[in-house]
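Only one structure is covered here, and it is reproduced in the block below.
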Amino acid sequence: MIANIEDVARLAGVARSTVSNVINRPEIVAEATRLRVKNAMDMLGYVPNESARVLAGGMGRFVGMVVHDASNPFFGEMARAVEDIALERDYVVTLTSTGAEPGREDNALRLLMRQRAQGVLLTTTAMRATSVASLRGIGTRVVLLDTPGGPEECSVSVDDVDGGRLVGAHFLDCGYRQIAFAGRPARTTQHGDRLAGLRQALAGDSRGRGMHVQEILVAADDVASGREIATTVAKGDLTSPLAVLCGNDLIAMGLMFGLQELGVDVPGQVAICGYDDIDLAQYLAIPLTTVRQPMAAMGRTAFELLLSEVTDTGHVHEARRFAPELVVRGSTAH
């Protein structure tokens, strides 16, 4: 015989409504009572009928995490941190990649809306998805992740403009007179901010006056796209060394591999800086100079803000901004 909610209430010595609160709103139930009810559920093998609750007009105890590329270790590290804290709070996380394509982003958010997710952690494109307002309209909370937000929403991000400035100052300190940016600044807010910071560093330093930043567009934010631009970079004038800030570490790794295949000296002829500081960056044959982002802390913070929106009637939106850190390694002269 399958146990029901009345069986759990009887065994735990509580009202049926208390069992319902433990399932749906555990934060309002005293810890001792919550543990007693959960022990009764375990003893009886009771599993809450989540589908029935959603069909009755409620929200599912799951959150969506929509990012540019789940295969990128940067997003993977954040997702792992989100999953860890979500499981502690009895939530399930669904992870979706958009490729930084606005259409795919909107489709993913519409699906989460149909599934009645309680909240969404969203790394949005530079063109903000129209579905966000619809999500909020049905009570789904949205926290922007790795994306700056406005006063009407919570957000967790790194100061990417400052990150670009750090790299620009490092390039100038190393004496580079040719500087480029490889990424998709028109497609992703993050790349646009990093490029802006790089330009600010040159404009604000007498050594950078008159210098311009060459833009090298990539097809995607991955290793293959970085490798594809290596031929273009190698055909340029390298009589004076070129320094390239890449939109992320994967692009930087691809560019490094491609240049090495073409016999270009890194960093002698082309210096390369990535962004994110994924774990592999330090273990390359030429360790990668990069800008470190606190991936796990960003994921945990975003989920905590989302849970606050879901459970706290007095919630106030916050914009959490982390500071970037330049990590200098062998891919740039220093």
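The values are calculated or read from the model by the stated rules, or taken from the named source; none is laboratory data. Model, not experiment: these values are computed from the prediction. Cβ placement follows ideal geometry from the backbone for every residue including glycine, while neighbour counts extend to all protein chains displayed. Note: areas computed on protein heavy atoms with side chains; ligands, DNA, RNA excluded. Shrake-Rupley method; radii C 1.70, N 1.55, O 1.52, S 1.80 Å.
Odds and ends about this structure:
- Within the stretch 247-267, being open to solvent by less than 20 Å² (accessible area, probe 1.4 Å), assigned to a loop (DSSP other than H, G, I, E, B) and small (Gly, Ala, Ser) holds for one residue alone: 247.
- The stretch 282-296: number of residues that are within 21 Å of the chain's Cα centre (by Cα) and either open to solvent by less than 20 Å² (accessible area, probe 1.4 Å) or more than 13 Å from residue 252 (Cβ to Cβ) (or both): 9
- With respect to being surrounded by fewer than 17 Cβ atoms within 10 Å (Cβ to Cβ), out of contact with any His (no Cβ under 8 Å at 6 or more places or on another chain), of a type outside the set (A, V, I, L, M, F, W, C) and touching a residue at least 40 places away in the same chain (Cβ under 8 Å), residue 139 fits the description.
- Sole exception among (1) touching a Cys at 6+ places or on another chain (Cβ under 8 Å); (2) closer than 30 Å to residue 90 by Cα for residue 244, by number: (2)
- Of all the listed residues (168, 149), the sole one being touching a strand residue (DSSP E or B) at 6+ places or on another chain (Cβ under 9 Å), under 19 Å from residue 270 (Cβ atoms) and open to solvent by less than 40 Å² (accessible area, probe 1.4 Å) is 168.
- Within the stretch 6-51, considering residues that are outside any helix (DSSP H, G or I) and among the hydrophobic types (A, V, I, L, M, F, W, C), the one modelled with the lowest pLDDT: 47
- Subset of the stretch 34-49 [touching a residue at least 12 places away in the same chain (Cβ under 8 Å) and more than 13 Å from residue 2 (Cα to Cα)]: 34, 36, 37, 38, 39, 40
- Verdict on residue 97 being open to solvent by less than 50 Å² (accessible area, probe 1.4 Å), among the hydroxyl-bearing types (Ser, Thr, Tyr) and at pLDDT below 80: no
- Subset of the stretch 191-234 that is touching a residue at least 60 places away in the same chain (Cβ under 8 Å) and assigned to a helix (DSSP H, G or I) - its residue that is farthest from residue 175 (Cα to Cα): 192
- Flag if residue 205 is touching a strand residue (DSSP E or B) at 6+ places or on another chain (Cβ under 8 Å) and more than 25 Å from residue 260 (Cα to Cα): no
- Qualifying residue in the stretch 101-120 (condition: open to solvent by less than 70 Å² (accessible area, probe 1.4 Å), assigned to a strand (DSSP E or B), of a type in the set (Gly, Ala, Ser) and within 19 Å of residue 150 (Cα to Cα)): yes
- Residue selected from the stretch 1-19 under the condition open to solvent by less than 40 Å² (accessible area, probe 1.4 Å) and aliphatic (A, V, I, L, M), by the criterion farthest from residue 47 (Cα to Cα): 14
- Total residues in the stretch 152-164, condition farther than 21 Å from residue 221 by Cα and either open to solvent by 20 Å² or more (accessible area, probe 1.4 Å) or part of a strand (DSSP E or B) (or both): 3
- The residue list 318, 309 contains one member that is acidic (Asp, Glu), open to solvent by 70 Å² or more (accessible area, probe 1.4 Å) and more than 23 Å from residue 73 (Cβ to Cβ), which is 318.
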